[in-house]
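For reference, the structure is listed below as structure tokens.
Laboratory data are not the source of any read-out in this text; all were calculated from the coordinates shown. The structure displayed is predicted, hence computed values, not measured ones. Heads up, the Cβs are rebuilt from the backbone with ideal geometry, glycines too, and the neighbour counts pull from every protein chain shown.
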Amino acid sequence: MDLGLQGKTAAVAAASAGLGLASARALAAEGVRVVICGRDDERIKAAAAQVADQTGGEVTPLVADVGEPDGAAGFIDASSSTLGSVDIVIANCGGPPPGTFASTDIDAYRQANDAAMLSSIAMCRAAIPEMQSRGWGRIVAITSFGVRQPPGQLIASATARAGLTAFLKVTAREVAGEGVTVNSIQPGAHDTARLRSGNADLSKLAGQIPTGVIGDANDFGQAVAFLCSEQARFITGAALLIDGGASLGV
């Protein structure tokens, strides 16, 4: 299927590995000119070279820390300068550290809000006005299945991402008439380096998922690309759960 994205431009945050990298790869394969960012210069350059080799696409690496709002907005501004304009934003960031009600203090919530909520809000504020002026734009935020079913030990992350989801829903309604869609994707367990680093027995984890398998990051990237497509122009304000049926929430 031709997604109608040839020649579009995209800024993909936190894309040196994992789901961000998979999203950049899927967009580049559709002919999107992509800027990706990460905090480590060598890693983000290597990621850009890998995606360019795999897709033949134009991929530009930038060093940026999107874990706080100013860095996130700066990434969008730098991407716009590099590309001329930004048609697509994939708002992504690393997850806040684990914690419970008893172990999580107020400062931890502030840090989680900066990383998992305010950074994505800053990207939206930096990108959406120009999208509105052009009459076309796509925002896709990568959040977590924990928005639907908050997991134990991740109280700050679940709280911040739930707040972001509410922001995206309200914003989607406000800008829908100007050709801009705003959606989020809520991933469950996907086979990434981060998941492997924290799970010694992936087969056991897969057995807890109704599909019996862990998610493929490349499949996730294809879902992101579809939400950016022309065919998805009527999908906005949605929060797409991709977790193999693992969460119990409706």
Next on the checklist: Once R0 is set to 30 Å, what does the formula 1/(1 + (r/R0)^6) return for the Cβ-Cβ distance between Asp216 and Glu58, expressed as a FRET efficiency to the nearest 0.05?
Outcome noted: 0.75
Checklist entry - Between Arg43 and Gln6, 0.36 nm times their residue separation minus their Cα-Cα distance comes to what? => result 10.6 nm
Next on the checklist: For the ranges 58-67, 231-240, what's the packing order if you count other beta-carbon atoms within 10 Å of each residue, average per peptide, and put the highest first?
Outcome noted: 58-67, 231-240
Checklist entry - How do Val51, Val89 line up, fewest other C-beta atoms within 10 Å first? => result Val51, Val89
Checklist entry - Considering the Cα trace of the stretch 9-242, what is its radius of gyration and what is Dmax, both in angstroms? => result 16.8, 50
Item to check | Listed residues Asp201, Asp77, Asp87, most fluctuating in the chain (Gaussian network, C-alpha, under 10 Å) | outcome: Asp201
Item to check | In the stretch 170-237, the GluC sites (Glu not before Pro) that fall in loop regions by DSSP, at most 14 other Cβ within 10 Å | outcome: Glu230
Next on the checklist: Within the stretch 219-250, list the residues whose amide N lies under 17 Å from a label point set 7 Å along Cα→Cβ of Trp136.
Outcome noted: 225-235
Next on the checklist: Under 19 Å from a point placed 7 Å out from the Cα of Arg233 along the Cα-to-Cβ direction: which residues of the stretch 169-186 have their backbone N that close?
Outcome noted: 172-183
Next on the checklist: Can you list which of the DSSP-assigned H helices in the chain have a Cα extent of 18 Å or more along the long axis and an average Kyte-Doolittle score of at least -0.5?
Outcome noted: 69-83, 119-134, 155-175
Checklist entry - When a footprinting reagent is the concern and you count Cβ atoms within 10 Å, what order do Met131, Met1 take, fewest first? => result Met1, Met131
Checklist entry - Are there trypsin sites (Lys or Arg not before Pro) in the stretch 1-53 that DSSP puts in a loop and that have at most 13 other Cβ atoms within 10 Å, and which ones? => result none
Checklist entry - So what's the back-of-envelope 222 nm ellipticity for the chain, counting only DSSP H runs of four-plus at -39500 (n - 2.57) apiece and dividing by all residues, rounded to 500? => result -13500 deg cm²/dmol
Next on the checklist: Need one number: the % of Cα-Cα pairs in the stretch 54-93 sitting beyond the 16 Å mark.
Outcome noted: 37
